[in-house]
Amino acid sequence: MKLLSYLHAGREGWGAVVDNGVLPLAQRTGCESLADFLGSEGFARREDIVHGLRPELPLDGLHYLPVIPRPEKIVCAVRNYMDHHQEVLAAGMQRELSEEPPIFLRVWRSQVGHEQPIVRPRVSETLDWEGELAVIIGKPGRDIPAERAWEHVAGYSIYNDVSVREWQFHAKQIASGKNFEGTGPFGPWMVTADEIAPERQLRLTTRLNGETVQDSHTGHMIFPIPRLIAYASTIFTLVPGDVIATGTPAGVGWSRKPQRFMKPGDLIEVEIEGIGTLRNPVVMQA
Ligand code: MG
């Protein structure tokens, strides 16, 4: 099942994608947000809840919100694709593989929905793309062993971990380049975990103005999803709606020769097999 968040008539809503339309579910489930629903007993009964119901809003023209508009945590893996690691080395950067998954946190205020604009900040010209598979947590947990990790996954979505490169490299800590407002596209929806088998290799492609700039698959991850969940949940309790962006494969603009970045007027798309396409235009910060 596909689940999403949206804005309609000035109000936030969430629902299921049914027959190319949206079936609003907040009132039907008593859950104000999609994150609440993922943690509720109703989530296991989702097929029964939508059974026989018709969509009430068209997908066409929908104002998409980030799938989870305000996750408590957005945990982002870095250096998590072997092909990306190799391109970084080829670009002349010194970098060693870590023994443990390197992560950073992104703030929800940086997020944007499908088809909403990515904002290039006034202070930088190095706005770069990073197409990523996003894992969305359902069942909460602390100290989750890797072999139990899949039980905590509610579903999958697409993240574009858009990066402001020169800010990322102000210090060894990369957080400043990863948290600008309007740089976290997340969507268009989540696909529940029952539709994508654990360990399945999903093709991931990123297109800039229609030209393919990343083409890889999730089998190239260095630290697979169970390892990321085990590691993150050692630090803090993962709660429903938490997001884990699992890192990006090769093909980012920073590692290209010559380097290449996004500018106002560009259109960036990230497509992941079995999930869909996350599409965003780029605008200049007002
Ligand atoms: Mg990333």
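The values are calculated or read from the model by the stated rules, or taken from the named source; none is laboratory data. Source: prediction; values computed, not measured. Glycine gets a Cβ as well: all are built from the backbone with ideal geometry, and neighbour counts include every protein chain shown. Remember, those area values only see protein heavy atoms, side chains included, never the ligands or the DNA or RNA. Shrake-Rupley method; radii C 1.70, N 1.55, O 1.52, S 1.80 Å.
Results, tabulated for the structure shown:
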{"quantity": "So L7, is it open to solvent by 40 Å² or more (accessible area, probe 1.4 Å), in a loop (DSSP other than H, G, I, E, B) and touching a strand residue (DSSP E or B) at 6+ places or on another chain (Cβ under 6 Å)", "calculated": "no"}
{"quantity": "Candidates R120, R109 - the one that is touching a Leu at 6+ places or on another chain (Cβ under 6 Å), within 12 Å of F180 (Cα to Cα) and more than 16 Å from the ligand (Cβ to nearest atom)", "calculated": "R120"}
{"quantity": "Among residues of segment 182-204, those that are away from the ligand (no atom under 16 Å from the Cβ), among the polar types (S, T, N, Q) and either in contact (Cβ under 8 Å) with a residue 24 or more places away in the chain or open to solvent by less than 10 Å² (accessible area, probe 1.4 Å) (or both), counted", "calculated": "1"}
{"quantity": "Residues located in segment 269-281, provided they are in a strand (DSSP E or B) and surrounded by fewer than 23 Cβ atoms within 10 Å (Cβ to Cβ)", "calculated": "E269, E271, G276, T277, R279, P281"}
{"quantity": "Residue under evaluation M284, criteria (1) touching a Pro at 6+ places or on another chain (Cβ under 9 Å); (2) more than 22 Å from S110 (Cβ to Cβ), criterion not met", "calculated": "(2)"}
{"quantity": "First in segment 69-82 and assigned to a strand (DSSP E or B), second anywhere and open to solvent by less than 10 Å² (accessible area, probe 1.4 Å) and of a type in the set (S, T, Y), Cβ under 6 Å, 6 or more apart", "calculated": "A77/T246"}
{"quantity": "Qualifying position, being open to solvent by 40 Å² or more (accessible area, probe 1.4 Å), at pLDDT 95 or above and of a type in the set (S, T, N, Q), among Q27, Q94", "calculated": "Q27"}
{"quantity": "Filtered residues of segment 38-68 (kept if assigned to a helix (DSSP H, G or I) and either among the hydroxyl-bearing types (S, T, Y) or free of Cβ contacts under 8 Å to residues at least 40 places away in the same chain (or both))", "calculated": "E41, G42, A44, R45, D48, I49"}
{"quantity": "Segment 163-181, subset open to solvent by 40 Å² or more (accessible area, probe 1.4 Å) and small (G, A, S), residue nearest to G247 (Cα to Cα)", "calculated": "S176"}
{"quantity": "Residue in segment 217-233 that is in the same structural domain as N280 (by TED's automatic domain parsing), away from the ligand (no atom under 16 Å from the Cβ), within 19 Å of N80 (Cβ to Cβ) and open to solvent by less than 10 Å² (accessible area, probe 1.4 Å) present", "calculated": "yes"}
{"quantity": "Hey, V112 among the aliphatic types (A, V, I, L, M) and surrounded by fewer than 18 Cβ atoms within 10 Å (Cβ to Cβ) or not", "calculated": "no"}
{"quantity": "In segment 75-91, the residues that are within 12 Å of the ligand (Cβ to nearest atom) and either of a type in the set (D, E, K, R) or open to solvent by 20 Å² or more (accessible area, probe 1.4 Å) (or both)", "calculated": "V78, R79"}
